[in-house]
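Worksheet: the structure to be examined is printed underneath.
Computed from the coordinates by the stated procedures, all read-outs in this text should not be read as laboratory data. Owing to the predicted nature of the structure, the values given are computational and were not obtained by experimental measurement. Don't worry about glycine lacking a Cβ; one is built from the backbone with ideal geometry, like all the others, and counts go over all protein chains shown.
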Ligand code: G6P
């Protein structure tokens, strides 16, 4: 969960940046670096491991006469804590990254989807790369444009315009040292800019700058800020100025944490591109498509770099995996149902999914060679833990997908994959749902790719290409999170209804279940999720002109089937709210309302269609004046049976 800090003003930039990075330390990182404008240009210091390693290195450099601050009245710099996405944890992969001449320094959070193309283009121009990161394309691109005659700021805009995906980027240049350029593209990383009368701060997260200022602006998708000491201009990528509202962050820690959002649930919905980026970090080689879950290393001991524990057993011995029994509750159970689809499709391993509260009471059949997989964001749900124990006692290999580090589920399991969603405060699960889907997608690819894992049937899908698709996911999630007036309109129109029906098929059937669960949890409207093909066996009797029916009808393998379900709902006078693929005009003629999600590979669609479910439930609950973050009778962690 990379952290970004930038400073420009009269204070000592080094100490402001180090202090800010320290405030973001809790998010986790594997290396850190800082770029400061000194008397001899931009000076970069980087170190693997803890911030103290970086500080120690900087202390040693202070004694070096080559390095001195530009002048005492003005100081500028940027700093970064990295959690690897592209390339290993090494000093040369740590940020900031520079152009050849060392005149442009860049830090970045996110995944540059088109970095392979950009890298080849730059290599054809003779650029030599010093790191394996995607970030390094940015300073070289800026340099290319500067060599073509553009001043730094214009070159920075031109380079930013070339980046695809969901990213936050901050840069500085020796050519125009009085400016920091910061941009937010999508939602993989927020950018907050703090402003005091004679200084400016840039950060990925509010806590990084709260020691210095409470006056902030938040960048939106596609905005670029030019921060100077005491003033900030914000522009669209085409150069058009944007007038921004200034926010004053209240002193209490809860408001500080919520930042620009009204509720934690809202914040957590909008954090999902970033959460998924973190889930992917260091686990996929986006050039080859190879998935490395350290938790899948063929060892029975040892703790991975991110704390994932080994999943399989003796080194070198093939591991037969006869089947997987997933146990989970609530939203996590719905994630498990999507995982069943993913693991069976990608790895050809049979998966059964049970409620934690049911599994142990049905005397489950457990044979050696199978795995029980507990999915639980809290890691403390009593029913899930009991089901996991039941599996373990009967001799199954025990795995867990968890968000809370150090939780019971993690301690019990032999193999753990972390969600890496960060803290989720809203009782209603949102980002932990998406990240547990992504964890299972990774698990499916890793099992398919691992030569040592013998599966039920040989997989006929290209798991390497499927894994490469994941590079697009944070960007697609960002697109699904774009402002859309439809949610408020639907809440205004339907908040008085007492019943909703949600229909989906195939891999999006569990999203119908999740949509219904979200709505009832926070808005107290009764909702049912159903596999669309089952509608004719019961729910169809409920349909009349008062019944809103949410139909997940994206262009996947069962699209045509969904269209015929929509027609059946319409024929009975029901109101259809369709979740459809952008550009699908035909569906607009059949449905009463359409919520668009971007086109995506089929197996990634649930991570997108889940978002309209969350946004719809959220708007409905807000419209009804419900306590969104703490719905009645519910708890974030249910530790009783
Ligand atoms: C509670 C929460 C749900 C969650 C369920 C399972 O009911 O309100 O949001 O899905 O527990 O929680 P877990 O921590 O095991 O994922």
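If one puts a single equal scatterer on every Cα of the range 258-478 and applies the Debye formula without solvent, what log₁₀ I(q)/I(0) results at q = 0.08, 0.12, 0.14, 0.16 Å⁻¹?
-0.25, -0.58, -0.80, -1.05
Separation between the residue 261 and residue 161 pseudo-spin-labels, each 7 Å from Cα along Cα→Cβ, expressed in nm?
Each label point is offset 7 Å from its Cα along the Cβ direction, giving 3.3 nm.
Just the number, please: percent antiparallel of the DSSP beta bridges in the chain, rounded to the nearest 5.
60 percent
State the dimensionless ratio Rg/Rh of the range 1-153 (Rg: radius of gyration of Cα atoms; Rh: Kirkwood radius). Walk me through the intermediate numbers first.
Numbers: Rg = 15.3 Å, Rh = 15.9 Å.
Taking Rg over the Kirkwood Rh, I get 0.96.
Using the alpha carbons of the range 493-572, what is the convex hull volume per residue in cubic angstrom, as a whole number?
Per residue, the Cα convex hull of the range 493-572 comes to 86 Å³.
Can you give the relative contact order of the range 211-256 as a percent, counting alpha carbon pairs under 8 Å and 6+ residues apart? Don't skip to the answer; put the middle values down first.
Working: 47 pairs, mean separation 16.8, N = 46.
Relative contact order comes out at 36 percent.
Taking the Cα centre of each part, how many Å lie between the range 1-58 and the range 352-378?
Rounded to whole Å, the Cα centres lie 46 Å apart.
Kindly state, to the nearest 0.05, the FRET efficiency for residue 237 paired with residue 367, given R0 = 56 Å and r defined as their beta-carbon distance.
Once the sixth-power term is evaluated, E becomes 0.45.
Output needed: percent of Cα pairs per 20 Å distance bin for the chain, bins running from 0 to the one holding the longest distance.
Using 20 Å bins, I get a P(r) of 19, 50, 28, 3, 0 for the chain.
State the dimensionless ratio Rg/Rh of the range 487-533 (Rg: radius of gyration of Cα atoms; Rh: Kirkwood radius). Intermediate results must be reported in sequence, preceding the final value.
Details: Rg = 10.9 Å, Rh = 10.9 Å.
That ratio is 1.01, to two decimals.
With a point put 7 Å past each Cα toward its Cβ, work out how far residue 129 is from residue 252 in nm, to one decimal.
Reported label-point gap for residue 129 and residue 252 is 4.8 nm.
How high is the relative contact order of the range 483-624, in percent, with contacts defined as C-alpha pairs under 8 Å that are six or more residues apart? Mind dumping the intermediate values first?
Working: 259 pairs, mean separation 41.3, N = 142.
Over the range 483-624, the number comes to 29 percent.
Using alpha carbons only, how many angstrom separate the centre of the range 179-194 from the centre of the range 382-431?
34 Å
For the chain, what does the relative contact order come out to in percent, with C-alpha contacts under 8 Å and a separation of six or more?
11 percent
Based on the Cβ-Cβ distance of residue 147 and residue 592, what FRET efficiency does E = 1/(1 + (r/R0)^6) give at R0 = 45 Å, to the nearest 0.05?
That gives a FRET efficiency of 0.25.
For every helix of n ≥ 4 consecutive DSSP H residues, a contribution of -39,500 (n - 2.57) applies; sum these over the chain, divide by its total residues, and give [θ] at 222 nm rounded to the nearest 500 deg cm²/dmol. List each step's numbers first, then the result.
Numbers: 20 runs with 212 residues, N = 641.
Dividing the helical sum by the residues of the chain leaves -10000 deg cm²/dmol.
Take the alpha carbon atoms of the range 595-641, find their center, do the same for the range 481-540, and report the distance between the two centers in whole angstrom.
10 Å
Taking the Cα-to-Cβ direction at residue 489 and at residue 382 and moving 7 Å from each Cα, how far apart do the two end points lie in nm?
Distance between the two pseudo-spin positions: 4.7 nm.
Which FRET efficiency value, to the nearest 0.05, do you get for residue 454 and residue 544 by plugging their Cβ-Cβ distance into 1/(1 + (r/R0)^6) with R0 = 56 Å?
So the FRET efficiency works out to roughly 0.60.
Could you work out the Kirkwood radius for the range 452-515, taking every pair of different alpha carbons, averaging 1/r and inverting it, reported in Å? Before the final figure, lay out the partial values.
Working: mean 1/r = 0.0623 Å⁻¹.
Its Kirkwood hydrodynamic radius stands at 16.0 Å.
Sort largest first and round to whole Å: the equivalent ellipsoid semi-axes of the range 483-624, each the square root of five times a Cα gyration tensor eigenvalue. Each step should come with its number before you reach the end.
On the way: eigenvalues 78, 62, 40 Å².
Semi-axes, largest first: 20, 18, 14 Å.
Across all directions of projection, what mean area in square nanometres is found for the Cα convex hull of the range 86-174?
Mean projected area for the range 86-174: 5.1 nm², to one decimal.
Run the numbers for residue 641 and residue 498: contour at 0.36 nm per residue of separation, minus the present Cα-Cα distance, in nm.
48.5 nm
Take peptides 357-367, 11-21 and line them up by average Cβ neighbours within 10 Å, highest first, as a rough protection proxy.
Result, highest mean first: 11-21, 357-367.
Calculate how large, on average over all directions, the projected area of the Cα convex hull of the range 3-255 is; give the answer in nm² to one decimal.
Hull-based average projected area comes out at 12.5 nm².
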